[in-house]
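Here the structure is laid out as structure tokens; the discussion comes afterwards.
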Amino acid sequence: MSWGSELWDQFDNLEKHTQWGIEFVEKYTKFVKERSEIEINYAKQIRNLSKKYQPKKNSREEEESKYTFCRAFLTTLNELNDYAGQHEVIAENLTAQIISELSRYLQELKSERKSHFHDGRKAQQHIESSWKQLESCKRRFERDCKEADRAQQYFEKMDADINVTKADVEKARQQAQMRHQMAADSKGDYSSYLQKFNQEQNEHYYTIIPNIFQKLQDMEEKRIERLGVCMKTFADVDRQVLPIVGKCLDGMTKASESIEPKSDSKQVVEAYKSGFEPPGDVEFEDYGQAMKRTASESSLSNSREVKEKSTSKSKGKLFSLISSLFWLFLLSPPLLCQDFSHLPPEQRRKKLQGKIDELNKDIQKEMDQRDALTKMKDVYVKNPQMGDPASVDPRLSEIGQNIEKLQFEVQKFEVSLMPVCALMSVSVSVGDAILVYWRHSPDGSYTEEQNSETQVKANPNPTPPTNPTSTTPEFDDEFDDEETLPTIGTCKALYPFEGHNEGTISVVEGELLYVIEEDKGDGWTRVRRNEDEEGYVPTSYIEVFLETNAKGAMTYI
């Protein structure tokens, strides 16, 4: 169907329809803009959500990344961030492929429509002007005909009147002829212009207007086709990112499938195990007999004999540990006071090993920089025009000093790590090993003065034990008999402690004990319950009350 042949008389309606078509394009463009803004805002919100739940540096969340479910959640956050990026791509493509194109096309469409309707109005004005001229010629011909008729009637009347002179009759006849001539001329003009108008009108309604309407029809069909392409692009923009969105979702699924409950349970053990043995059976306490707070000489000697038997089995292990670690402790006393001493042995070992690994990485970085600078210096030596070799020396010297410092730190942490590993392997404390050494001379003789809780009670100012008389690291295969250490104060258990490792002692909350050796920096204090029960408890578990002038606490390091 052609607009030119079917809608030749609907110029105004076509003008309204094409204007509505332009407004529809503007409406669709606005719709796509709003969709693009939604995609941008959605992507922004998704990115903010992903960023909000990302683990912070140096936080507990970062430490928890060792668990598979935490790593799976982190992977999900990263995939979600990529997913947000695809919505940004959608917004960009909508803007570039639809909004920008339609905005440019709208300008062209408005300009083309304006041009076509300008030509149409011009043609309309021309045919209307021709029609007005035709009407003017017609009215003039009609007027001249009437004038000619009146002149002819007047002539006939004058010619029939016998009273009128011949001159008047001749004048009336001439007037009638003139009017007839004017009417004939008007008729010719009218006929000629009518023929011209009919030609113009025919050309207007069968050529000019159909051509203009055909152009408008083509313009409208092109507009509709362009909208169809944009609507298809609207769907294709989403379809193009579906593979990547699918990969993001696949990544989330794969992350969820990578969760291993057994592995996470194992990580919990690695993170929190202390290295202590589980508590043993609780011994029966006979409250029917009165507790003896003061020990006699005979009971003291008997307890000493029992103690000698219980300690004789561990002498070989203790001396084996002392022989390998004594000089290490003697030469590096401050290392017993490194950080993490408040942690159980296993956790302390892990922390120290982590520090060593970090320092080794730093050392490797410094060494890589040193190698690079050395190569640069060699290039400068071979090609002096490229640079001064001496300019590299200060940096090399600085790196060398840094490496030495880091290596020294590594050695300190390694020294701190060795007694912890030894503790876990032989189940004795470092303080126990050093204590045994100082309490025995190289020839196996006991050098410490004897004392007991009885002596402490009788004498509130206990005599401090003597220091070892020899520092030569010569060890015998056997220990001499071990005597009871003097007390240097008392302590109160703040928390219950189940000490079932060799060298430790169990305490209950609120229990009062005797202190026989202070904490030497390893986090343990040696206490005694009675002549037969003594051992180490965590210093953080007790409140110590030392005697005001009790210098019997031996200074081992």
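The values are calculated or read from the model by the stated rules, or taken from the named source; none is laboratory data. Because the structure is a prediction, the values reported are computed rather than measured. Positions of Cβ are backbone-derived with ideal geometry, glycine not excepted, and every protein chain shown enters the neighbour counts. Heads up: the accessible areas ignore ligands, DNA and RNA and are worked out on the full protein's heavy atoms, side chains in. Shrake-Rupley method; radii C 1.70, N 1.55, O 1.52, S 1.80 Å.
Scoring Q195 on the criteria (1) over 60 Å from the mean Cα position of the chain (by Cα); (2) in a helix (DSSP H, G or I); (3) surrounded by 12 or more Cβ atoms within 10 Å (Cβ to Cβ) leaves a single failure, condition (3).
Among the candidates L216, L249, the residue that is over 49 Å from the mean Cα position of the chain (by Cα) and in a helix (DSSP H, G or I) is uniquely L216. Check E108, E112 and return the single one that is under 29 Å from D236 (Cβ atoms) and touching a helix residue (DSSP H, G or I) at 6+ places or on another chain (Cβ under 8 Å). Only one candidate passes the filter, namely E112.
Cβ-Cβ contacts under 7 Å between residues 6 or more apart (or on different chains), taken from a first residue in segment 234-260 that is in the same structural domain as N78 (by the TED database) to a second residue that is of a type in the set (S, T, Y) and open to solvent by less than 40 Å² (accessible area, probe 1.4 Å), are listed as S258/T68; I259/T68; E260/T68. Considering only residues in segment 159-191 that are without any contact (Cβ under 8 Å) to a residue 12 or more places away in the chain and of a type in the set (A, V, I, L, M), the one that is most open to solvent (accessible area, probe 1.4 Å) turns out to be I162. Scanning segment 1-12 for residues that are open to solvent by less than 70 Å² (accessible area, probe 1.4 Å) and among the hydrophobic types (A, V, I, L, M, F, W, C) gives W3, L7, F11. Of the residues T233, T253, the single one that is β-branched (V, I, T) and open to solvent by less than 60 Å² (accessible area, probe 1.4 Å) is T233.
You will find that of E23, E39, E15, the residue that is surrounded by 14 or more Cβ atoms within 10 Å (Cβ to Cβ) and more than 18 Å from D238 (Cα to Cα) is E15 and no other.
The residues on offer are D149, D82, D119, D144, and the sole one that is open to solvent by less than 50 Å² (accessible area, probe 1.4 Å) and among the acidic types (D, E) is D144.
Quick grid of which residues meet (1) in a helix (DSSP H, G or I); (2) at pLDDT below 90; (3) within 60 Å of the chain's Cα centre (by Cα):
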{"position": "Q97", "(1), (2), (3)": "yes, no, yes"}
{"position": "L106", "(1), (2), (3)": "yes, no, yes"}
{"position": "E112", "(1), (2), (3)": "yes, no, yes"}
{"position": "G120", "(1), (2), (3)": "yes, no, no"}
{"position": "S130", "(1), (2), (3)": "yes, no, no"}
{"position": "E147", "(1), (2), (3)": "yes, no, no"}
{"position": "K157", "(1), (2), (3)": "yes, yes, no"}
{"position": "N163", "(1), (2), (3)": "no, yes, no"}
{"position": "N202", "(1), (2), (3)": "yes, no, no"}
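Within segment 113-141, the set of residues being of a type in the set (D, E, K, R) and free of Cβ contacts under 8 Å to residues at least 24 places away in the same chain comprises K114, R121, K122, E128, K132, E135, R139. Against the list (1) modelled with pLDDT of 90 or more; (2) open to solvent by less than 70 Å² (accessible area, probe 1.4 Å), the condition Q125 fails is (2).
Residues that are within 16 Å of H126 (Cα to Cα) and of a type in the set (D, E, K, R) were ranked within segment 198-230; the one that is most open to solvent (accessible area, probe 1.4 Å) is E203.
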